[in-house]
Structure formats: structure tokens, C-alpha cells
């Protein structure tokens, strides 16, 4: 939701030379928190009143400012201040259009790109370089390299990294003079605002929950509010809904008895059944993963307490799933399916007996990438109900999905070749 506020202030007579403040460059590189400068604001209240707008017009008539500068001041006069409410319920006020953005994670960066403002991203978290265009983490010579080298106008390889999984570089963030920091969590928000000196917006949302309240749609809408791109946000949500409706138009007609039981190993099985270091692997699953239900499957863990949980092997055997999906995050772990299919402990399970153990796209990459999650939904639907989705072109759909989020053609094709198993599935010998 956006609350738009506009104030008109009377100002004292001020020297017209003060109008030169409108041309102060946003590229200044301070080492401490900087002061927001609003073009056209003469009295320092960060608002362009009607009187100040008239002063700007006079300055333009006298050839003291350019038409572009005048247009920018007019936009501020008509539309700012703007106060938005972020997903954490915080009111955040902007006094001028957003031109420089730092995103705190790949998911928020991806949505900024999808809404058409990728050129305004001046920095992001370390993982953005591997997670937007899937590549081997921190090794940029294999993966979706055409995407990697063309996205963000070719700036991704050199994009400043303002944080890692463990560290945040506040001085670097400050030096980049952002107009806003967009994050998916309330963690460190006060530090960002106090140490960097610019507004911080929380745009959280679970990318596999297709809803406004705590889901992907709410995250998209929040970022659309920040960027003044509400219409684009609605279009992106409409695109996602069109893909969901395409699948649901078929699966909603199925009887419950026609829906197979599915076990989803959302962290794969590269370390065996359980990885004690990370506390996850084959036994880690999700109690709520909407793509399974939309695709016409029954999530065997749906009645368990919690969200991302670890379960015992005995429980998986008792569930006796018809299909098992293993999240695969790199070509090196695509053979985890063989481990599950040949495991002596799992030979009684229907999915193992029938060979219905498949890789799927990992729903994690320092976040939950919505483009890959949507691709999972379509892929799962075709595997679970091959007759009903015989004509569904996964590669075509996947390329459309990645294009909508990343603005780059052919990413799914690159991804399928890089990961190997999707290409083997799409083009069996």
C-alpha cells in the first residue's frame, strides 16, 4: 500500500543562486552518512513547494538549468514526498525519485530488474552474481554466462559486493550514495539507516507462496511501491498468475485419487541422507511448497508442524511417496538420484520401485528464486501428469519466465545445458 503525501510550504525570499543546488551530482562518494539533497528545494525542508517550482521555471527560462533538471524538479513537486508502508509495517518516506539502489539479496535484486529498474542497482550482496544467472558459486566460467555478461547492461561482473553471508561492508555502502536499501528482512535495518544514512525498505515474502500476505505478490508490490512502478508490479504478478492458471486449469479438474504423493527433498541428497554440518540434505523437506499442489501432487509432509523440517528415513518410508524430487543446485550433484534409487533402505518405496526419482530445480540460492520455483511448478506438472500436459513446452515456458524476471532471452536454454539433467530430460536419446 502507498500513502502519497504532498505539502506546500511558503518560503522566504531566497537568492536564486541557491537553485544551483539542484545540479549536485548523485555520484559523490562520501565516507560517512550523507545528507539527502532534493533538487529544487531552496529552504532545506526536502520538499519542492509551488513557489520553489516557480523559481525553478524562472531559472530554466534564464538558461541556468536544463530541461531535464526542470522536468525532474517538476516530478518532485507533483509527486513527492511519497510515503510507503513496507512489508514490516514500517512507514518510509522518499523525497525524490529513486536513482541509486542497493539490494540486500538476489531475490530483491531480481524483482528490481523485473520491474525495469535494474540500471539503478549500484551494488548488492555477494551471491547476486551467482544466483541471478545461475553459475557455479563464485566461479564465473561455467553456467549461464550469456545471461551473466548481459544482464544489468553488462555491469553484473563488476557490481560492487556490499556483503557476504557473514559480513556487511557499511563504508562501501555509504560510498555508493544509495537512495534506498531494499532488504527482505528486518535484520540490520536500523544499522543501514543509521550508518549509511538513507532509507531502508523491508520487502519480504516467500517466493513459493503466491499471496500478498507474506508471499511473493506482497514482495513484488512493496518493491513496486518503492520504485513508483505499481503498474509494472501488477503486470509481473499477472504474468505469474497466468502461468499458475495454465497449470491449475488442468490440475483443478483432477480427483484427489488421481494426484500422486510427492516427497520433496528441498536440499537434495548430495551428502547422503543427512548433512550434520548444515543440518539438512535428503531428510530436509518443506511442509508448504505450493508448486507441488498446483502441479497436481500431494505433498506428503503437508500436515507436519513447522515449515522447513527434517524428518526420519522411517517417516519417508511410511509416507511411501509415488514421486521423489531432489533439489539440484549444480551439475555436480545431479547423480544424487542414483544414490536414492539404489539405497537399500528405500527399496520398499513406490517411487524407488517405479523409478520415479527425479532432479528438480533448487528452490534456494541465498534466498528463494521465484523464476526457478515457477519452472519447478511447470516441470513437476508435466512429470506428474504427462498425458494431461503432453503439449506443454517446458523450455519455451522456462525462457518466458526467466525473461520476465531477468530481461534476458534464452536463460532457461542456457540453464538446461549447464545443469545437464534438464537437457537429458528435454532431449532424451
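The values are calculated or read from the model by the stated rules, or taken from the named source; none is laboratory data. This one's a predicted model, so the numbers in the text were calculated from it and none came from an experiment. No Cβ is skipped: glycine too gets one built from the backbone with ideal geometry, and neighbour counts run over all protein chains shown.
Which ones in the range 163-176 are out of contact with any strand residue (DSSP E or B) (no Cβ under 8 Å at 6 or more places or on another chain) and in contact (Cβ under 8 Å) with a residue 12 or more places away in the chain?
165, 170, 171, 174, 175, listed by residue number.
Considering only the range 196-239, how many residues are assigned to a loop (DSSP other than H, G, I, E, B) and within 17 Å of residue 99 (Cα to Cα)?
Qualifying residue count for the region: 5.
Scan the range 177-185 and tell me whether some residue there is without any contact (Cβ under 8 Å) to a residue 40 or more places away in the chain and assigned to a loop (DSSP other than H, G, I, E, B).
no
Report, by residue number, each residue of the range 205-217 that is closer than 22 Å to residue 83 by Cβ, surrounded by fewer than 22 Cβ atoms within 10 Å (Cβ to Cβ) and under 12 Å from the mean Cα position of the chain (by Cα).
The one that is closer than 22 Å to residue 83 by Cβ, surrounded by fewer than 22 Cβ atoms within 10 Å (Cβ to Cβ) and under 12 Å from the mean Cα position of the chain (by Cα): 217.
Just to check your reading of the model, which residue among 147, 133 is under 25 Å from residue 239 (Cβ atoms) and part of a loop (DSSP other than H, G, I, E, B)?
133
Can you spot a residue in the range 264-286 that is in contact (Cβ under 8 Å) with a residue 40 or more places away in the chain, part of a helix (DSSP H, G or I) and either out of contact with any strand residue (DSSP E or B) (no Cβ under 6 Å at 6 or more places or on another chain) or not assigned by TED's automatic domain parsing to the domain that holds residue 315 (or both)?
no
Looking at residue 65 and the list (1) touching a residue at least 40 places away in the same chain (Cβ under 8 Å); (2) assigned by TED's automatic domain parsing to the domain that holds residue 54; (3) not in a loop (DSSP other than H, G, I, E, B), which single condition is not satisfied?
(3)
Does residue 257 meet the test of being surrounded by fewer than 23 Cβ atoms within 10 Å (Cβ to Cβ), outside any loop (DSSP other than H, G, I, E, B) and either outside the structural domain of residue 107 (by TED's automatic domain parsing) or within 18 Å of the chain's Cα centre (by Cα) (or both)? Spell out how you get there, then give the answer.
Working: surrounded by fewer than 23 Cβ atoms within 10 Å (Cβ to Cβ): yes; outside any loop (DSSP other than H, G, I, E, B): yes; either outside the structural domain of residue 107 (by TED's automatic domain parsing) or within 18 Å of the chain's Cα centre (by Cα) (or both): yes.
Yes; evaluated as a whole, the condition is true for this residue.
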